[in-house]
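What follows is a set of notes on a single structure, which appears directly below.
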Amino acid sequence: MQIGIVGLPNAGKSTLFNALTRGSALAQSYPFSTVDPNLGKVALPDPYLEGLQEVFRAGKKAPVGVEFVDIAGLVEGAHRGEGLGNKFLDRIRKVEAIVHVIRAFSASDVARVNPEGDPISDFKIVEGELIQADLESLSRRKEKTSSMLKTGQQRYKDELASLEKAEKYLNAGKPLRSMDRSEFDNKILGELHLLTEKPVLYVLNGPEEGKNINFRKEMEKNGLTIILADAKMEEELGQLDPEEAQEMRREMEIESALDQLVSIAYAMLDLIKYYTGNENEVRARNIRTGSTLLEGAAQVHQDIAAGFIKGEVIAAPDLLQAGTWNGAREEGKIRAEGKEYVIRPDDVVYIHFR
């Protein structure tokens, strides 16, 4: 899972990146201190993995990881190459989901690139630039498609209709992720890697106080998924021992930004987590909701999928309660499943193959 952190310069992107990854990205009070993307991988906390390693007596364990990408700040005119616009737009096309950081803190020593200086106007600048970038992508594709109309093939007429539908939606100021579309629309638009199709979580970066709570409520009215998080405080807590940080969170009644981001990202990307294990390794894996056991086998290795015989499946809590694989089998908790079985969250899967 790769998540890009975006926003206007000095919105707190690098500070949030450091908080999430315990990294040391440059966070300065002037615009464009981030030029090349900062990358940071985080192993997600897992309530079952250590216990499963003991059950399988596995040599190692592999948690699910998230890669955060701290991307250069975007400014008005980025779609025309203003600021570091070209670098920004190229990098953001490669991530699976976006965390859009919106400034909601006051700091006279941290420069603002938006003179209006309020979260909603900041949000509109970034959203508008992404829309303009997508309109340019659609325009280029329309030129190519229009030139093919002379062939008389119906598929080019259908393609042009899909492109014009998306163009009209964007011109109304709406991101494509909210547009109703057919399977054919999905196919055509999916080829363009459009920016406003990517799922977005908005982080209002600032203290939990009246005006910021009101900003969040105002933005939620538009159907946005948004959390309020103080990146600076998150960064300071991230430097503490995990148990000490957890205790401080309980006292302050603050939920971890990482926990919130990951939970929402799973929902936005339609992912679940399951496990595979043997004496060598226990591994947590992400897979799309609704995926079958055969698709899970292919995720492990194509040869395993090609030689698939059956899968043995048990829920992680049930296996931990039984204590051993054989013990769980004797208790009748392990089920034999075929290739069409749909994997459930926290399933532990063992594939038999030729």
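Worth a mention:
- Of the residues making up the stretch 262-295, just one is touching a helix residue (DSSP H, G or I) at 6+ places or on another chain (Cβ under 7 Å) and in a helix (DSSP H, G or I), namely 294.
- Close contacts from the stretch 1-16, counting a first residue that is polar (S, T, N, Q) and a second that is buried (at least 24 other Cβ atoms within 10 Å of the Cβ) and in a loop (DSSP other than H, G, I, E, B), with Cβ to Cβ under 9 Å and a gap of 6+ residues or different chains, come to 10/73.
- Just one of the listed residues (305, 298) is assigned to a helix (DSSP H, G or I), surrounded by fewer than 18 Cβ atoms within 10 Å (Cβ to Cβ), out of contact with any strand residue (DSSP E or B) (no Cβ under 6 Å at 6 or more places or on another chain) and not assigned by TED's automatic domain parsing to the domain that holds residue 21, and it is 298.
- Residue in the stretch 172-193 that is farthest from the chain's Cα centre (by Cα), counting only those that are modelled with pLDDT of 90 or more and assigned to a loop (DSSP other than H, G, I, E, B): 172
- Residue ID - farthest from the chain's Cα centre (by Cα), chosen from residues in the stretch 252-287 that are closer than 23 Å to residue 216 by Cα and polar (S, T, N, Q): 256
- Restricting the stretch 246-290 to residues that are hydroxyl-bearing (Ser, Thr, Tyr) and surrounded by fewer than 18 Cβ atoms within 10 Å (Cβ to Cβ), the residue that is nearest to residue 61 (Cα to Cα) is 263.
- For the stretch 47-61, taking the residues that are surrounded by fewer than 17 Cβ atoms within 10 Å (Cβ to Cβ) and either under 26 Å from the mean Cα position of the chain (by Cα) or of a type in the set (A, V, I, L, M) (or both), the one that is modelled with the lowest pLDDT is identified as 47.
- For the stretch 224-251, a residue qualifies if it is closer than 22 Å to residue 103 by Cα, over 19 Å from the mean Cα position of the chain (by Cα) and hydrophobic (A, V, I, L, M, F, W, C), and the qualifying residues are 233, 237.
- Residue check for residue 205: out of contact with any helix residue (DSSP H, G or I) (no Cβ under 9 Å at 6 or more places or on another chain) and under 23 Å from residue 267 (Cα atoms): no
- Filter result for the condition that a residue is over 24 Å from residue 11 (Cα atoms), β-branched (Val, Ile, Thr) and part of a helix (DSSP H, G or I), over 145, 196: 145
- Hits in the stretch 255-292 (condition: β-branched (Val, Ile, Thr) and touching a residue at least 40 places away in the same chain (Cβ under 8 Å)): 262, 264, 272, 276, 282, 287, 292
Matching residues to (1) of a type in the set (A, V, I, L, M, F, W, C); (2) in contact with a helix residue (DSSP H, G or I) (Cβ under 8 Å, 6 or more places away or on another chain); (3) surrounded by fewer than 18 Cβ atoms within 10 Å (Cβ to Cβ); (4) more than 23 Å from residue 225 (Cβ to Cβ):
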position: 163; (1), (2), (3), (4): yes, yes, no, yes
position: 176; (1), (2), (3), (4): yes, yes, no, no
position: 179; (1), (2), (3), (4): yes, yes, yes, no
position: 189; (1), (2), (3), (4): yes, yes, no, no
position: 192; (1), (2), (3), (4): yes, yes, yes, yes
position: 197; (1), (2), (3), (4): no, yes, no, no
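- Number of positions in the stretch 206-237 that are under 20 Å from residue 22 (Cα atoms) and in a loop (DSSP other than H, G, I, E, B): 2
The values are calculated or read from the model by the stated rules, or taken from the named source; none is laboratory data. This structure is a prediction, so every number in the text was calculated from the model and none was measured. A quick note on method: Cβ atoms are made from the backbone with ideal geometry, for glycine too, and the neighbour counts reach across all protein chains shown.
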